[in-house]
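The values are calculated or read from the model by the stated rules, or taken from the named source; none is laboratory data. In this text the structure is predicted, and so the values were computed from the model without any measurement. Backbone-built Cβ (ideal geometry, glycine too); neighbour counts: all protein chains shown.
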Amino acid sequence: MQCPCGSPLPFDRCCGPYLNGDVSPPTAEALMRSRYTAYTRGDIDYIAATLAADRRGAFDAAAAKGWATRATWLGLRVVSTARGQEGDADGVVSFVATYREGGKTIEHHEVSQFRRDGDGAWRFVEGETRAVVSEPKRAAAPAKVGRNEPCPCGSGKKYKFCCGR
């Protein structure tokens, strides 16, 4: 099975080892991708464990679990990264996570801040978010045709003597 984070690798060779606790993500982007994957799987314990220690008190696990299970996760696109590599102490990852909830498609745009913890592991600090909701497109209602206008069927007759009868 392909990893939900969008990598071409299978889950067990991509985010799986991070979620299982076998290894830590080597970069801020790898952590962000693994957190997205955790949301798709409803693994809120991983989400909580990868928060910076000073951010864990404000984390609402029940709300996160509700969101993760209500959403149908459609994909992840990384927009950009700044720092966050193996030798860095902090990093920024901009991404778009797309999901469906309540009949609407939502593009969750986020710029996330990451930093290394005392043990050297990457942790999520905070994110600036913006959600763009797109509803299913509905067919436009046909324009009202006046009685004395040409019939829209193309007959050449006035509407009142054709389809308007």
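For the subset of the stretch 1-26 comprising residues that are hydrophobic (A, V, I, L, M, F, W, C) and at pLDDT 95 or above, which member is surrounded by the fewest Cβ atoms within 10 Å (Cβ to Cβ)? Step by step, filter the stretch 1-26, then rank; the result is 23.
Can you pull out every residue in the stretch 56-81 that is of a type in the set (Val, Ile, Thr) and over 11 Å from residue 42 (Cβ atoms)? Break it down stepwise before answering.
Start the filter on the stretch 56-81 by keeping residues that are of a type in the set (Val, Ile, Thr), which leaves 69, 72, 78-79, 81.
Scanning the stretch 56-81 gives 72, 78, 79, 81.
Restricting attention to the stretch 92-110, and to residues there that are touching a Phe, Trp or Tyr at 6+ places or on another chain (Cβ under 9 Å) and charged (D, E, K, R), which single residue is nearest to residue 130 (Cα to Cα)? Out of the qualifying residues, it is 110. Just one of the listed residues (86, 29) is exposed (fewer than 13 other Cβ atoms within 10 Å of the Cβ), in contact (Cβ under 8 Å) with a residue 12 or more places away in the chain and within 15 Å of residue 116 (Cα to Cα), namely 86.
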